[in-house]
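All remarks here apply to the structure that follows.
We did not get these values from a lab; they are worked out from the coordinates using the rules stated. Since the model is a prediction, treat every value here as computed from it, not as a measurement. Note: ideal-geometry Cβ built from the backbone for every residue, glycine included; neighbour counts use all protein chains shown.
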Amino acid sequence: MTLDRSIIEGCAKQLLSAEQDVREVVKITDAYPQIGVDEAYDIQECLRSLKQSAGVRIVGMKMGLTSRPKMQQMGVDTPIYGFLGDDNAVDDGAVVDTARLIHPKVEAEIAFVMRDALQGPGCDIARVLAATDYVVPAIELIDSRYENFRFDLPSVIADNTSAARYVLGSRPTAVEGLDLETLGVVMEKNGQVVEVGAGAAVLGNPAEAVAMLVNMLAQRGQVLPAGSVVLSGAITAAVAVAAGDNVLVRADGLGTTSMRFV
Ligand code: 0L1
Ligand code: MG
């Protein structure tokens, strides 16, 4: 089904202004129950174009709902993807202003930085690893524009999979010799360990999530460009944060990365 262009643009503009005004909205399928996954990606692409027209540079992509518990919670069997703009990037250790966010939560992830472009279909872990420049620990800050993080699958896809901020570790590590499945990750909040996990929490291997992203992009005739940052998906549960919090993620052999909240 194709959705009227005015509805696509109206939904994208509504989500953009909710983000800019730091204001919750009801999920878009309340008004337009006919929106399915394909139409939701049309809205996400429109949101991306609106941001690019306003000067945002697209620096990469993210995968979401990559863990079995999150997929079960949403009643789906496929992860989702979104885009990352330079306005989402935070320097390692830098301050994040919670006044610009609705209800922020943080997730520990592994980020891939791609040396080569990748094109699906048929992308697999071996091709992802061969095309990867390096990996770093990452914190993704998600901030759904929907009331109380209440959404369905099309609504969260349209809302760019809740993408809001991210930070990358400062020490690039080549993937050669790394076991991304057993790689351990610890999240600390205010000096206390709050979450632990291993790379296998992400579809069995974080590189599998990157391969899936490439194959999903191919279904819409798109490629993953060289130089892209890819957040491969949450290794831990999402943890709520507020002003005054410090969050640090430590990944075995990859070092640390952190965000401070005011
Ligand atoms: O990055 C993620 O896994 C989040 C995807 C969107 C669902 C949510 O906001 O929890
Ligand atoms: Mg995430």
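Quick rundown of the values:
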| quantity | calculated |
| --- | --- |
| Mean Cβ neighbour count within 10 Å, used as a protection proxy, ranking 190-197, 125-132, 91-98 highest first | 125-132, 91-98, 190-197 |
| DSSP bridge pairs, the chain: antiparallel proportion in percent, nearest 5 | 85 percent |
| Protection proxy ranking, peptides 56-62, 175-181, average beta carbon neighbours within 10 Å, highest first | 56-62, 175-181 |
| Computed lengthening from T78 to Q119, 0.36 nm per intervening residue step minus Cα-Cα distance | 12.9 nm |
| Difference of contour (0.36 nm per residue) and Cα-Cα distance, Q34 to S49 | 3.1 nm |
| Whether the range 32-139 is rounded, prolate or oblate, judged on the alpha carbon gyration tensor where a/c under 1.5 counts as rounded | rounded |
| The range 84-148 and the range 210-241: distance between their alpha carbon centers, rounded to Å | 8 Å |
| Among A117, M74, P33 - extreme Cα towards positive end, dipole of the range 5-162, charges at beta-carbon | P33 |
| Contour excess over end-to-end distance, with Cα ends at S170 and A226 and 0.36 nm allotted per residue | 18.2 nm |
| Relative packing of peptides 250-259, 4-13 - highest average C-beta neighbours within 10 Å first | 250-259, 4-13 |
| Label zone at V95 (point 7 Å along Cα-to-Cβ), backbone N below 17 Å, the range 226-262 | 242-247, 258-262 |
| Virtual spin-label span in nm between R57 and N246, 7 Å along Cα→Cβ | 3.1 nm |
| FRET efficiency, Q20 to Y134 (Cβ-Cβ, R0 25 Å, nearest 0.05) | 0.15 |
| The chain: proportion of alpha-carbon pairs further apart than 29 angstrom, % | 25 percent |
| The range 188-262: mean projected area of Cα convex hull, nm² | 6.5 nm² |
| FRET efficiency, D4 to N148 (Cβ-Cβ, R0 30 Å, nearest 0.05) | 0.55 |
